[in-house]
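Undergrad: Here it is, the structure, as structure tokens.
The values are calculated or read from the model by the stated rules, or taken from the named source; none is laboratory data. These figures come from a predicted structure and were not determined experimentally. Using ideal geometry, Cβ is built from the backbone for each residue, glycine included, and neighbour counts are taken over all protein chains shown. Remember, those area values only see protein heavy atoms, side chains included, never the ligands or the DNA or RNA. Shrake-Rupley method; radii C 1.70, N 1.55, O 1.52, S 1.80 Å.
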Amino acid sequence: MKNQYYLPTWIGLIVFFLGLKLPSSIAQNIRWPEGKMMALSLTFDDARESHPKVGLPLFQELDAQVTFYVIPAAVRDQLEGWKALVEDGHELGNHTLVHPCSGNFPWARDKALENYNLPAMRQELIAANQQIEALTGVKPKSFAYPCGQSYVGRGQDTRSFVPLIAELFETGRDWLNEAANSPIFAELSQLQGISMDGKNFKEDIKPILKRAAINGDWVVLAGHEIGEEGFQTTKVGMLRELMAYVSDPQYGIWMAPVGEIATYVKAQRAVIRKSLSEDLTLAATFDHGLDADFAKGNSSLFTAAAYNELGTQEEGLHFPAAEISEQKGVHGHALAFPAKAKPVAYYRAAQNVDYQAENWNGTISLWLSLDPDEELAPGYTDPIQITDVGYNDAALWVDFSDKNPRSFRMGVYGDLAVWNPKNIAPDKNPAFTERLLPATDLPFGKGIWTHVVISFEGLNTDQGKAAFYINGKQQGERQITEPFSWDLEKAKVFLGLNFIGLLDEVALFNRSLSPQEVQMLYHLPGGLSSLLPDRKASK
Ligand SMILES: [Zn+2]
């Protein structure tokens with residue numbers, strides 16, 4: 001995978017030596033401590049006999065701290081060894097009391113997950129934590145799913161116990177996965193664990209680490225016994241080679257137990273969230289009506305009789321431009337456009353868009369739900385259009401093309417008089433096409449929500465550019481060097497022009513967001529509201 005997130009260090013150095021402030025879009029990425037390129041956790045399950053016997057001296061020699069997911073009864077059997085492991089800084093995690101798995105394992109038939117229910121699992125997890133704490137003084141905050149299985153019950157009564165793990169622990173580790181964990185995306189209650197049992201370093205483990213270093217990921221390796229050979233055994237020789245690689249600074253690996261890295265990841269995510277929250281200029285969730293939940297300027301939705309009859313504008317819903325659709329949103333309610341209509345709905349741009357006559361930066365984020373080919377009426381439609389004059393004159397928008405099969409495009413056009421002085425029609429004008437960016441991903445569909453972002457920077461400089469994202473994935477970027485001259489009082493954030501479908505979670509920011517931040521917005525638990533509690537609308 002291509003590295004989209006980390007700029008080469010030399011750019012940072014140049015910026016540093018020029019004494020320039022780093023653009024915030026570069027600063028707002030999850031970074032591993034001390035310039036490390038990736039994170040690594042070694043984990044071992046079941047409190048096997050070899051952990052105190054072989055692991056304890058080996059990890060002392062290699063100066064490595066790892067995570068052991070333990071069964072209390074097995075800890076009790078070699079208590080002194082386990083106390084020594086804790087003393088050496090290893091982490092103890094919870095792996096249940098009796099290691100229930102699918103009854104298809106003959107040894108698990110009498111403790112089959114198929115015969116469990118959620119209250120029984122909750123009891124067991126709490127009891128295991130209490131016993132581990134009583135034995136070792138450690139209260140586990142990490143968990144590993146026995147056999148990597150996370151369900152209880154059968155058929156229609158089957159339930160996932162992932163929510164229970166999310167409630168009781170900081171992390172839950174899966175088993176026999178293939179992927180590393182993205183620090184920005186990973187669901188911590190379902191961390192991916194890659195097996196290291198029976199593996200060799202060069203052939204099996206090193207390629208995983210190389211890939212993770214490129215992507216800035218967190219690799220969690222999982223094993224059982226520690227020894228020379230045998231079933232479910234992580235080889236001592238592999239661990240020695242691995243640790244030699246880890247301790248070579250050129251590979252940039254931060255190795256620590258799962259709990260320590262999880263705490264760091266959570267703190268970094270909180271920093272990004274806070275900065276997203278602080279840099280909002282408008283947020284409309286439609287969960288409490290048509291007005292924006294947060295707005296630096298006027299939070300009211302305005303309506304007018306038509307796009308070319310803005311003189312009729314009034315605060316509130318005086319023209320049937322849109323309506324709230326209850327509980328149909330990506331979160332909560334949505335703004336619905338049931339039919340193609342002449343009336344238009346908009347927020348005022350003044351202060352709600354952080355327009356700058358020089359070096360203008362910002363981000364537009366919204367969610368759409370529709371089947372374009374089935375639902376849209378003939379003609380172009382702009383789910384969002386921000387301008388003071390029109391779509392081709394100092395405007396930012398996304399639109400669907402006029403007929404099936406519909407394409408979905410980003411349009412960022414500066415002053416018409418500059419980019420198109422003769423006002424040549426779009427279909428005959430390469431200057432129009434150059435500024436248009438069609439999405440390559442079209443995940444739209446009825447009942448499906450799609451996240452759309454325009455992140456722009458340096459508008460009103462000769463280095464203006466705008467990036468287009470669908471569901472967190474960049475579709476491309478366009479350079480826009482012509483100026484955007486606005487009469488700010490006239491500028492508007494139009495919603496749903498000629499649109500039929502649902503729209504939700506409109507957010508405007510006063511800076512361009514990094515690809516990581518766009519991804520974070522895309523999978524923000526709880527949605528836009530979760531950025532709002534500490535923000536108050538100005539009106
Ligand atoms: Zn196990």
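Undergrad: Taking the Cα centre of the stretch 82-175 as origin and charging only Cβ (+1 Lys, Arg; -1 Asp, Glu), how large is the dipole, in debye to the nearest 20?
TA: Dipole magnitude for the stretch 82-175 comes out near 220 debye.
Undergrad: Which lysines have a Cα less than 22 Å from the Cα of Lys266, not counting those fewer than 8 places away in the same chain?
TA: Partners found: Lys36, Lys139, Lys141, Lys274.
Undergrad: Then there is this: If I stretch the segment between Lys210 and Glu167 completely, what's the gain in nm (0.36 nm per residue apart, minus their alpha carbon distance), one decimal? Write out the running numbers ahead of the final one.
TA: Values: separation 43, 0.36 × 43 = 15.48 nm, distance 3.34 nm.
Roughly 12.1 nm would be gained on extension.
Undergrad: So for the chain, averaging the separation of alpha carbon pairs under 8 Å that are six or more residues apart and normalising by length, what relative contact order in percent results?
TA: 15
Undergrad: In addition: Under a 1.4 Å probe, what is the accessible area of the stretch 188-338 per residue, stated in Å²?
TA: Working: 6220 Å² over 151 residues.
Ligands and nucleic acids excluded, the result is 41 Å² per residue.
Undergrad: Expressed in nm to one decimal, what extension gain is obtained for the pair Gln356 and Thr481 from 0.36 nm per residue of sequence separation less their Cα-Cα distance? Present the calculation step by step, with values, prior to reporting the outcome.
TA: Numbers: separation 125, 0.36 × 125 = 45.00 nm, distance 1.46 nm.
This chain segment gains 43.5 nm when fully extended.
Undergrad: Using only the Cα atoms of the stretch 27-164, construct the convex hull and provide its projected area averaged over every direction, in square nanometres to one decimal. Could the numbers behind the result be given before it?
TA: On the way: hull surface 44.0 nm².
The orientation-averaged projected area of the Cα hull of the stretch 27-164 comes to 11.0 nm².
Undergrad: Related question: Taking H as built 1.01 Å from N, whose amide H comes closer than 5 Å to the amide H of Ile71, not counting residues under 5 places away?
TA: Those qualifying (amide H under 5 Å, at least 5 residues apart or on another chain) are Asp46, Ala47.
Undergrad: Next up: How large is ³J(HN,Hα) for each residue in the stretch 436-444, as worked out from phi by the Karplus curve 6.51 cos²θ - 1.76 cosθ + 1.60 (θ = phi - 60°), to whole Hz, x for Gly and Pro?
TA: Coupling constants for the stretch 436-444: 8, 10, x, 6, 8, 9, 10, x, 4 Hz.
Undergrad: Using Cα centres only, tell me the gap between the stretch 202-216 and the stretch 45-61 in whole Å.
TA: The two parts, judged by their Cα centres, are 25 Å apart.
Undergrad: Around Trp360, which amide H atoms from residues at least 5 apart in sequence, or from another chain, sit under 5 Å from its own amide H, with H modelled in the peptide plane?
TA: The answer is Gly458, Leu459, Asn460, Thr461.
Undergrad: So, one more: What is the local net charge at Val86, summed over the other residues whose Cβ is closer than 13 Å to its Cβ (Lys, Arg +1; Asp, Glu -1)? Don't skip to the end; give the middle numbers.
TA: Details: positive: Lys83, Lys139; negative: Glu80, Glu87, Asp88, Glu91, Glu133.
Net charge around Val86: -3.
Undergrad: Among the aspartates and glutamates, which fall within straight-line cross-link reach of Lys446, defined as a Cα-Cα distance under 19 Å, with same-chain neighbours fewer than 8 residues apart omitted?
TA: Glu323, Glu326, Asp371, Asp373, Glu374, Glu375, Asp382, Asp399, Asp402, Asp504, Glu505
Undergrad: Keeping the other protein chains in place, figure out the carbon and sulfur percent of the accessible area of the stretch 385-539, with a 1.4 Å probe.
TA: C and S atoms contribute 53 percent here.
Undergrad: Which lysines have a Cα less than 18 Å from the Cα of Lys490, not counting those fewer than 8 places away in the same chain?
TA: Candidates past the 8-residue exclusion: Lys296.
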